[in-house]
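Asker: What follows is a single structure, and I will ask about it in a moment.
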């Protein structure tokens, strides 16, 4: 037995069981025969086994340095530390598809264990098996992780050094894929719901899935931003790079879906919107992979070079056509039961969903526009960050305004009692903005301060209201914390307001200075006094590091580095970031005297409030976890709680 | 039902109009060779462009104390003087393909972002290359 043999066997088995499962579940639906469904269900764990075997085979090949596999030869080297080797399966295309396929089989396994009526159960399984057929089909044909080389090299090049420079890279892709794959379950339920004309219950049945997927997507994005900040050495966390946009688009659509799904769960409304949003959110995950993996970003012409791009494009079109095609067929029959006033909670949620999906549309257009220009006129253009910032700022303000007021609005129509709260919120917004303006901040940053106060007050008011309702019902006010959905979503909302504040300040105020220092020379800038003590070289086996020794008055000794990897011709900067509640101090070694180590060119980037972006990201994950945390029995029996 | 579709279309049209008036056109950054740039200077005056070409031999001057890098960017036919504030990137050298993002000021192209174009198949260009060949070389390198 070799890794290649085991891997190919695993992929083939997973593909065969998925194909068979797809056929059986379709038969079960068409014939209305429970035996076929039973058979299809029995195949789910077998497909998992195939996927697990293939994944183990890839790890095995990497751990035993089996360079006869093309994937290992291209992405692994004898020098790699153990943790890098273990995460190498998702360092490149083929392994990422394998990870995706493995997670898909696991999610299918979990989803198939939920009790459901046989018609919908067959269709849900059919859709999930269909997705598995796509991924394992791609692995079996055009992007095999187990393709072998006729002349294996003695050592490989190792994964892209950028991926080895920070442990976050081990985490970020897995979180993203867990999120992407998680959206496949609500999508499958939605397709089944549309085909069987049972339009209401699917959002309730998949609400955990939606939340889990959203939580993973959010943590994955924040992890990616952090990685970009700590590794790429440009002192930023978001560049509106097409790869970033590709994973931002599904997040935006999933967020829109999360909010309209809440309305359908509680009020039975927005059924059509939910079908549309879940289809688009799932399709966007495939589109994102197409964008990042087909090479179309570099040039439209790269698209035709590999078969992976067209395969993903085809899958994207099929998934979209299936969801929206069914929707157009049934939209005549769907009736939203509730009528609502635009100035109600439903109204705010729908408007919020429009903001999120409109934002997604803008990002899609901005990302694809250069491709259109190149395809039609041949000119090479790129859409700069200023465009995205310009269009995103007003959308963000709209969302932040809705986020504060929306949860305070009653369902169906506005009531007079909320006027007091609205006045309070408006005063917080104006007061915060004016005070910040008076302190000399820019309009944008001041507005962010106002919006942060406004949203913090809104969250406070909602907590107070919830606790009062508990007391009126003769319960302890603290029992409001058991209303996990409400409390968790308030935590997330507060975190979003905090993140917006961090983004506004870090984007507005940023100081970047650069200077060449000679040994012993001191430099005082941005409130930091530093002296350059010389450079030191370190041989770390897989790489060679050069660090500048800086003694500073505030942070002790700081050692920014340059890493030289044998497979890269230019060194990678490894910044030293010092987080403080106010500012981040980001030290970079740019260049140094290679002969005597007498001088070094250093860059210092001082950015305010970046720390709070990461804190907010953690809070968003915690808030989601708070909602998902299994409720105590007492709470479950009590049922829907007041406020 | 028709109302819903109408609303959807309105939202999409609104977003599109916003994009266009929001200045997608103004924020496009064109990728040009020095020849293309010099042929239509007025069009690109005072807006950022990405200028791609080769670092001309014998023109590189780097002052590490002022952190100023000066060189001439060429595509074989036309030449543009470039001033880059900051250290030269790792693989910057004469004859190398580079892309500079910036704008023209007082007869010098002032670049903020300097990228060295390199790929495994990159070969230094030969004498007498046309701007099209230079452009292709730089576009294909990552």
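The values are calculated or read from the model by the stated rules, or taken from the named source; none is laboratory data. None of the values given here were measured: they were computed from a predicted structure. Note that we place each Cβ from the backbone using ideal geometry, even for glycine, and neighbour counts take in every protein chain shown.
Asker: Could you tell me which numbered condition residue B:89 fails, if it satisfies all but one of (1) within 14 Å of chain A (Cβ to nearest Cβ); (2) surrounded by fewer than 15 Cβ atoms within 10 Å (Cβ to Cβ)?
Answerer: Among (1) within 14 Å of chain A (Cβ to nearest Cβ); (2) surrounded by fewer than 15 Cβ atoms within 10 Å (Cβ to Cβ), residue B:89 violates only (2).
Asker: Regarding residue A:373, is this residue over 12 Å from residue A:240 (Cα atoms) and within 13 Å of chain B (Cβ to nearest Cβ)?
Answerer: Numbers: over 12 Å from residue A:240 (Cα atoms): yes; within 13 Å of chain B (Cβ to nearest Cβ): yes.
When the stated conditions are applied, residue A:373 passes them.
Asker: Let me spell it out: the conditions are (1) over 22 Å from residue A:145 (Cβ atoms); (2) at pLDDT 95 or above; (3) surrounded by fewer than 17 Cβ atoms within 10 Å (Cβ to Cβ), and residue A:22 meets all of them except one. Which number is the exception?
Answerer: (3)
Asker: Just to be sure I understand, how many residues within the stretch A:423-443 are in contact with a helix residue (DSSP H, G or I) (Cβ under 6 Å, 6 or more places away or on another chain) and either within 19 Å of residue A:492 (Cβ to Cβ) or in a helix (DSSP H, G or I) (or both)? Reasoning before the result, please.
Answerer: We begin by selecting, within the stretch A:423-443, every residue in contact with a helix residue (DSSP H, G or I) (Cβ under 6 Å, 6 or more places away or on another chain); these are A:425, A:428-429, A:432-433, A:436-437, A:442.
Subsequent filtering for residues that are either within 19 Å of residue A:492 (Cβ to Cβ) or in a helix (DSSP H, G or I) (or both) retains A:425, A:428-429, A:432-433, A:436-437.
The total comes to 7.
Asker: Are any residues in the stretch A:36-67 closer than 18 Å to residue A:93 by Cα and not in a helix (DSSP H, G or I), and if so, which ones?
Answerer: A:67
Asker: Another question about this same structure. Tell me whether the stretch A:568-578 contains one or more residues that are farther than 15 Å from residue A:235 by Cα, within 14 Å of chain B (Cβ to nearest Cβ), touching a strand residue (DSSP E or B) at 6+ places or on another chain (Cβ under 6 Å) and in a strand (DSSP E or B). Step through it out loud before you land on a result.
Answerer: First, pick out the residues of the stretch A:568-578 that are farther than 15 Å from residue A:235 by Cα: A:568-571.
Of the ones still in play, those that are also within 14 Å of chain B (Cβ to nearest Cβ) are A:568-571.
After this cut, where a residue has to be touching a strand residue (DSSP E or B) at 6+ places or on another chain (Cβ under 6 Å) as well, the list is A:571.
From what is left, the residues that are in a strand (DSSP E or B) are none.
Within the stretch A:568-578 (the criterion being farther than 15 Å from residue A:235 by Cα, within 14 Å of chain B (Cβ to nearest Cβ), touching a strand residue (DSSP E or B) at 6+ places or on another chain (Cβ under 6 Å) and in a strand (DSSP E or B)), the answer is no, since none of the residues qualifies.
Asker: When the stretch A:578-605 is examined, which residues are found to be surrounded by fewer than 20 Cβ atoms within 10 Å (Cβ to Cβ) and under 28 Å from the mean Cα position of the chain (by Cα)?
Answerer: Result: A:578, A:579, A:580, A:581, A:582.
Asker: Of all residues in the stretch A:321-339, which are within 14 Å of chain B (Cβ to nearest Cβ), assigned to a helix (DSSP H, G or I), in contact (Cβ under 8 Å) with a residue 24 or more places away in the chain and farther than 30 Å from residue A:394 by Cβ?
Answerer: Correct list: A:329, A:330.
Asker: Which condition breaks for residue A:318 when tested against (1) more than 14 Å from chain B (Cβ to nearest Cβ); (2) modelled with pLDDT of 85 or more; (3) buried (at least 17 other Cβ atoms within 10 Å of the Cβ); (4) within 24 Å of residue A:291 (Cα to Cα)?
Answerer: (3)
Asker: Sort out which residues of the stretch B:92-127 are at pLDDT 65 or above, more than 12 Å from chain A (Cβ to nearest Cβ) and more than 25 Å from residue A:384 (Cα to Cα), and write them in order of number.
Answerer: B:94, B:95
The rows are residues; the columns are (1) within 12 Å of chain B (Cβ to nearest Cβ); (2) in contact (Cβ under 8 Å) with a residue 60 or more places away in the chain; (3) in a helix (DSSP H, G or I).
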| site | (1), (2), (3) |
| --- | --- |
| A:341 | no, yes, no |
| A:346 | no, yes, yes |
| A:350 | yes, yes, yes |
| A:360 | yes, yes, yes |
| A:365 | yes, no, yes |
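Asker: Still on this structure, I have one more. I'd like to check something: does the stretch A:405-422 contain any residue that is in contact (Cβ under 8 Å) with a residue 60 or more places away in the chain, away from every other protein chain (no Cβ under 14 Å) and in a helix (DSSP H, G or I)?
Answerer: Restricting attention to the stretch A:405-422, the residues satisfying the condition of being in contact (Cβ under 8 Å) with a residue 60 or more places away in the chain are A:406-407, A:409-414.
Among the residues that remain, those that are also away from every other protein chain (no Cβ under 14 Å) are: A:406-407, A:409-414.
With in a helix (DSSP H, G or I) added as a condition, the list becomes A:406-407.
Yes, the conditions are met somewhere in the stretch A:405-422.
For every residue, the table says whether it meets (1) surrounded by fewer than 21 Cβ atoms within 10 Å (Cβ to Cβ); (2) modelled with pLDDT under 95; (3) not in a helix (DSSP H, G or I).
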site: A:180; (1), (2), (3): no, yes, no
site: A:188; (1), (2), (3): no, no, no
site: A:200; (1), (2), (3): yes, yes, yes
site: A:204; (1), (2), (3): yes, yes, no
site: A:216; (1), (2), (3): no, no, no
site: A:224; (1), (2), (3): no, yes, no
site: A:229; (1), (2), (3): no, yes, no
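Asker: Quick one: how many residues across the stretch A:537-567 are within 14 Å of another protein chain (Cβ to nearest Cβ), at pLDDT 90 or above and not in a strand (DSSP E or B)?
Answerer: 1
Asker: Conditions: (1) over 24 Å from the mean Cα position of the chain (by Cα); (2) buried (at least 20 other Cβ atoms within 10 Å of the Cβ). Residue A:438 meets all but one. Number of the miss?
Answerer: (2) is the only condition that residue A:438 fails.
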